[in-house]
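Have a look at the structure below before the remarks.
Nothing in this text is a laboratory measurement; each read-out follows from the coordinates by a stated rule. The shown structure was predicted, so the numbers you read here are calculated from the model rather than taken from an experiment. Cβ atoms come from the backbone with ideal geometry, glycine included; neighbour counts cover every protein chain shown.
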2 protein chains.
Amino acid sequence: MGHTLLPKRLALPVFASDPLSSVTYATQEILVILTLGGLVYLHYTPWVAAAVVLLLITVVASYRQLVRAYPTGGGDFEVANTNLGPSAGLVVASALLIDYVLTVAVSVSAGVDNLISAVPELHDYRVPMALGIVVLLAAMNLRGIKESGTAFAIPTYLFLVGMGALIVWGLGRTAFGDDPVAESAEYDVHAEMADLSTVALILLVLRAFASGCTALTGVEAIANGVPAFRKPKAKNAAITLAIMGTLSITMFTGITGLAVIADVHYTEDPCTLEGFDCSQPQPTVISQLAEAVFGGGSIPFYYIQGAAALILILAANTAFNGFPLLGSILAQYRYAPRQLHTRGDRLVFSNGIILLAVFAGLLIVAFDASVTRLIQLYIVGVFTAFTFGQTGMVRHWNRLLSAGPDPAERRSILRSRAINATGATLTGVVLVVVLITKFTHGAWLVVAMMPLLFLIMRGIRRHYDTVTDELAVEDWPAESLLPSRVHAVVLVSRLHKPTVRAIAYARAARPDILEAITVDVDGDATSALLDEWDRHDIPVPLRVLDSPYREIARPVVEYVRAIRRASPRDVVTVYVPEYVVGRWWERLLHNQSVFWLKGRLLFTPGVMVTSVPWQLRSAVGGGQSGKPRQAPGDVRRGEIRRGGGSS
Amino acid sequence: MGHTLLPKRLALPVFASDPLSSVTYATQEILVILTLGGLVYLHYTPWVAAAVVLLLITVVASYRQLVRAYPTGGGDFEVANTNLGPSAGLVVASALLIDYVLTVAVSVSAGVDNLISAVPELHDYRVPMALGIVVLLAAMNLRGIKESGTAFAIPTYLFLVGMGALIVWGLGRTAFGDDPVAESAEYDVHAEMADLSTVALILLVLRAFASGCTALTGVEAIANGVPAFRKPKAKNAAITLAIMGTLSITMFTGITGLAVIADVHYTEDPCTLEGFDCSQPQPTVISQLAEAVFGGGSIPFYYIQGAAALILILAANTAFNGFPLLGSILAQYRYAPRQLHTRGDRLVFSNGIILLAVFAGLLIVAFDASVTRLIQLYIVGVFTAFTFGQTGMVRHWNRLLSAGPDPAERRSILRSRAINATGATLTGVVLVVVLITKFTHGAWLVVAMMPLLFLIMRGIRRHYDTVTDELAVEDWPAESLLPSRVHAVVLVSRLHKPTVRAIAYARAARPDILEAITVDVDGDATSALLDEWDRHDIPVPLRVLDSPYREIARPVVEYVRAIRRASPRDVVTVYVPEYVVGRWWERLLHNQSVFWLKGRLLFTPGVMVTSVPWQLRSAVGGGQSGKPRQAPGDVRRGEIRRGGGSS
């Protein structure tokens, strides 16, 4: 088939850039929330981080079960749909669609933050830069970028090397007593909430935990990509999940540890940092750590900023790939326009990419490209998908158990069920925590959007179901009866080659009745046509239709209806001569009336509309683009083609 | 035919709102320029006005010749094209297209000025108000407003009454020694250019004259509208031209006289008016006169402001009507997309209206809705059209003379030629004056745009000519030869009612070969289809086409090409079952692949594409909108329909 499947060393970067990149901002977002209460609560950081790590382990373990049970790449959507019913599936689908928009907005904003940390002069261009990157990604995906595992691999491995060096060097220095100290360690914080009550403190810690859970975003990507793995697909995917989880945990723990050691202070509003000139951009936590460990302006410092920005932009790009992938699955279930399922229609792919870019751009503008503010919206969708997916898995194992498996299998199922039950419980709890702590901070927007998407998709499905019912063949022999006669009508405007060809083709089809018709919009032109018709002695009678309002479509449609009224068992074939031009601007100059006319005729019962094209020289070779182009997301569907184009 | 032609009392307002409305700002623009040199040069005002009146008389007289000689409504474009050649015609067409844009921008800005003069609180909203009016006019014309002579008549006659009252009352007061005095009479002017040299003075006066020539804009409208007049068309149009000219001259003279009597001071930059609080809007000359004559805040004052604003907006609306009218004429000459000629395609009309609104909006924003600055661009196009049109008329009379007419006729022709020669000379001189005095003030923009439009229109014409040559029937009997056989192919995706009908229709057409084909994009669906095909025992063989990349169009196109390669003298008919839905959003969900496929097949030689529609319930009654809607500009083409809709 000419497809290449991904080995693990390429699958990891293809699917893991999104989850791995989130470690660049997860620690920072924990600090931001805790610091709202002042520096005194920063000592909760390790505990919050530990809870995030625990959750990450659980979720990775849960997904390892999921990819083994559902290796078709349907992910949480398929699991929820199959085990919890179509409504649950649609909830997951709505959540994931919103998630893709937020992945773009958050990742691009975080990438821009890291660029600004390296080059503070860019501070004033935060929003335009973020929008520029979104537009660039959209344009690349609209053009159909040549994806390859290698293109993903380089930035991801560059990032892993950078993070590894940062953590090893930083902890090494600490081990030898030369603790790195962040620039912001000396700034005191003017707390926005002081003297917290116990309840308020618990809420603050929970909110910090909820923000830290961004480290988990993107873990589900591998579950959607199983078909792209080499065989044994499910096993390789599970191993890749484990590697990805280990890397995430290591980096997240290392960065959080270093942030505690270096005493990084980071606030949402930099003006609450006492001693910091808040007209300047606040460097990201990653950037502060790189500066503390390697020194500001050093090559490793810039390397780490660049690698972080790159992997974040790559993570945003995965959303542009994942969006059509999800669309294709939803189309298979008829929740989305059917043409998303096949690759025939680039237009729909393009619309999806444009929609994604527009919504991400709106969010970036509305939230000033602030990662801290966007994060509040982000996690609702992710954890909705997690919770439904894992709950679905529990049902799945229950069903297998009720089938009465043998004891060894039974043990394995019980173990899997326990893992997924833990996952479902924990992610469900986090979802509740996220909803409670973040609802007023922006999550309400997501909560409002999800039902809207749910209803739209259910509406599409209902429409398709109605159409299917209406189109079903009920009464076989009666419906396949042939019409008694064919009455052919050739539409003539002038007597040129396309018309001559249309007449010849119509005659070749030997209809029972054949006539030519012309619409009289210009008396002189019509007389000239009649003269020419006689002169050439054309063996088909030409009928002239009046058009008092110089319209073309209406008289034709009315004439066709009159034929049908006179002989309802006949079928009318309207032959429309068309000439085909090659260039887009030429198309603007031709055939517009014919286009409308054909559209109108399609609404007329008992009619066939036959286009007889005549290809002009500019059209030769047009309309048939060379090789099929690659569509965004192909690499993740396992549909990337072997290089060289010799397939 | 159901058309109503216009009596003169309605034709006057329909065609004359544009030229009549320009008297609201013509005097003001003369004052603005003269005042650049200080108050000392204001005494040139009557002389400049006299020159404008002389020119207006000449131009009206010239156009009276033109409408008699060319009663078809082609106006300057037709005259220049016929007598001076296609290039001259295209120059006129470019000039007129630009003129329409400027008519909208200038008239709306002037209308807003008068509204602000009445309600100074609106001062800060000058540009948004102007844009709002443009959007409103565009929306009304896009919807297809119900034009009627009466709708034009009311504001025009209201305006004429107001101006008449103003002039009579103002001059009456003067006659009785109670001269009206403008509020601005007491303000001294800080001259921007002082102590002018003779050359500079001449240039200043010429510039003032050039600005005053705005009083002539729109005179050509009647020449484009002759077909809408009652019989004798040409004579009635000529009489209407004379009435319009008389009214224009009377109003222009009266307003200019009153402005001199009331000693109105008006400057481009109100801050050069010493004593005037230039944070306030500067009232228009009309407004100052109304205040001086009737008193500020009086009912006649507000009446005059309202009537002036109304007729100016009406003048802008005429551009929205005239634009498609010109487009229709250009389309007849194949300089514009052909579909502009018939009314079949509303889309193109709509595009024209949107383009007009967008360009007018851009000008309004770029020039801050300032009439004085926009005027600099306005007159180039108008006088280009005048000059070419009148020169063409001179050629026309020369041609008639060379045919050797009888003595009486000869005298009449000589007289007409003298009038048009005077017109051509004077407007030519004014064009040169305008170009010299206004080039650096903005006219360069128009001078740059005209060649661009010229080249676009010539390119369109060349394209149509090439296509006509290519399509011309050369070798009659050979080209009308019938194909040897018809090979019919029914495209099948599922076995539903549309497919059954397509097969039945295809069988009824009795092709030489008939087969069904399906593209295998989903193995399971294809097997199910094959089973069902067998079960129903369909009397047409079903062939399955492979599609490695899950495309639909490519395998079908390739299969059709293979058939043609095997038997080049056969014609292939592809039957495409389609179901037709009624609502726009439903269309998004269906037939997208079919749409692309049909497009691709049209590029394939030797193919007919036959759509076999199946109308779903939601499509019944769709696609056929009730009565034909009225198009913008119909009233000016003499195509307005009788009221009541009983035609």
Inter-part gap, Cα centre of region A:57-71 to Cα centre of region B:1-79, in whole angstrom, is 82 Å
Karplus-derived 3J(HN,Hα) from phi for region A:504-509 (6.51 cos²θ - 1.76 cosθ + 1.60, θ = phi - 60°), whole Hz, x at Gly and Pro, runs 4, 5, 5, 5, 4, 7
Region A:362-438 versus region A:452-513: alpha-carbon centroid distance in Å: 48 Å
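Residues of A:329-340, mean number of Cβ from any other protein chain within 10 Å of their own Cβ, rounded to a whole number? It would help to have the intermediate numbers written out before the result.
Values: counts 0, 0, 0, 1, 0, 1, 0, 1, 4, 6, 10, 1.
What the average comes to for A:329-340 is 2.
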Nm distances between the label at A:Arg415 and the same-position labels in the remaining copies, 7 Å along Cα→Cβ, shortest first? 11.5
Quick test of your reading: applying the under-4.7 Å Cβ rule, which cysteines of the protein assembly as shown are isolated? A:Cys213, B:Cys213
Largest-first principal axis extents, alpha carbons of region A:1-113, Å: 58, 35, 26
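Which net charge results when you count Lys and Arg as +1 and Asp and Glu as -1 among the other residues whose beta-carbon is under 12 Å from that of B:Gln282? Before the final figure, lay out each step's value.
Values: positive: B:Arg126; negative: B:Asp113, B:Glu183, B:Glu268, B:Asp269, B:Asp277.
With Lys, Arg at +1 and Asp, Glu at -1, the net is -4.
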What is the helix-to-structure angle for B:299-332, meaning the angle in degrees between its Cα long axis and the longest Cα principal axis of chain B, kept from 0 to 90 and rounded to the nearest 10? 40 degrees
Could you work out, residue by residue across B:597-608, how many beta carbons of other chains sit within 10 Å of that residue's beta carbon, and then give the average as an integer? 6
Axis proximity, chain B to A: residue whose C-beta lies nearest, plus whole-Å distance: B:Thr610, 2
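Set the Förster radius R0 to 51 Å, insert the Cβ-Cβ distance between A:Asp522 and B:Trp169 as r into 1/(1 + (r/R0)^6), and round the FRET efficiency to 0.05. All intermediate terms of the calculation are to be shown ahead of the outcome.
Working: r = 53 Å, r/R0 = 1.04.
Between A:Asp522 and B:Trp169 the formula returns 0.45.
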Inter-probe distance in nm under a simple model that places probes 7 Å from Cα toward Cβ, at A:Val358 and B:Leu362: 2.3 nm
What FRET efficiency would be calculated for the residue pair A:Arg587, B:Leu142, taking the C-beta separation as r and a Förster radius of 22 Å, to the nearest 0.05? 0.45
Computed magnitude of the charge dipole of region A:17-464 (debye, nearest 20; Cβ of K, R +1, Cβ of D, E -1): 3000 debye
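May I ask you to derive the FRET efficiency for A:Asn351 and B:Asp179 from their Cβ-Cβ distance with R0 = 60 Å, giving the value to the nearest 0.05? Numbers along the way, then the final one.
Values: r = 69 Å, r/R0 = 1.15.
Once the sixth-power term is evaluated, E becomes 0.30.
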To test your reading of the geometry: what angle, between 0 and 90 degrees and rounded to tens, separates the Cα axis of helix A:8-21 from the longest principal axis of chain A? 70 degrees
If you count, for each residue, the other Cβ atoms within 10 Å and average over each peptide, how do A:389-399, B:209-219 line up from highest to lowest? B:209-219, A:389-399
Between B:Asp465 and A:Asp188, with labels modelled 7 Å along Cα→Cβ, what's the label distance in nm to one decimal, could you check? 8.6 nm
Given 20 °C and 1.002 mPa s, how large is the Stokes-Einstein diffusion coefficient of region A:347-422 in µm²/s, with Rh as the Kirkwood radius over Cα pairs? 135 µm²/s
Step through the residues of region A:218-224 one at a time and calculate ³J(HN,Hα) from phi using the Karplus curve (6.51 cos²θ - 1.76 cosθ + 1.60, θ = phi - 60°), rounding each to whole Hz and writing x for Gly and Pro. x, 4, 5, 4, 4, 4, 7
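Ignoring everything except DSSP H segments at least 4 long, calculate the 222 nm mean residue ellipticity for chain B; use -39,500 (n - 2.57) per segment, divide by total residues, nearest 500.
Values: 22 runs with 406 residues, N = 647.
About -21500 deg cm²/dmol.
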Long-range Cα-Cα pairs in region A:483-619 (distance over 27 Å), rounded percent: 17 percent
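Could you tell me how many cubic angstrom of Cα convex hull volume the protein assembly as shown has per residue?
On the way: hull volume 301.4 nm³, N = 1294.
Dividing the Cα hull volume of the protein assembly as shown by its residues yields 233 Å³.
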Angle, helix B:198-212 long axis vs. longest principal axis of chain B, Cα atoms, 0 to 90°, nearest 10? 50 degrees
If you split all Cα-Cα distances of chain B into 20 Å bins from zero, what percentages do you get per bin, shortest first? 17, 40, 24, 15, 4, 0
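Net charge near A:Gly459, counting Lys/Arg +1 and Asp/Glu -1 over other residues with Cβ under 14 Å of its Cβ? Write down the numbers at each step before the final one.
Details: positive: A:Arg334, A:Arg458, A:Arg461, A:Arg462, B:Arg583; negative: A:Asp465, B:Glu586.
Net charge in that neighbourhood comes out at +3.
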Teacher prompt: A:Glu532 distances to equivalent labels in other copies, 7 Å Cα→Cβ, nm: 4.7
Summed residue charge, Cβ within 11 Å of B:Glu183's Cβ, Lys/Arg positive, Asp/Glu negative: -3
Between copies, how far does the label point of A:Ala448 sit from its twins, in nm, shortest first, when each point is 7 Å from Cα along Cα→Cβ? 4.5
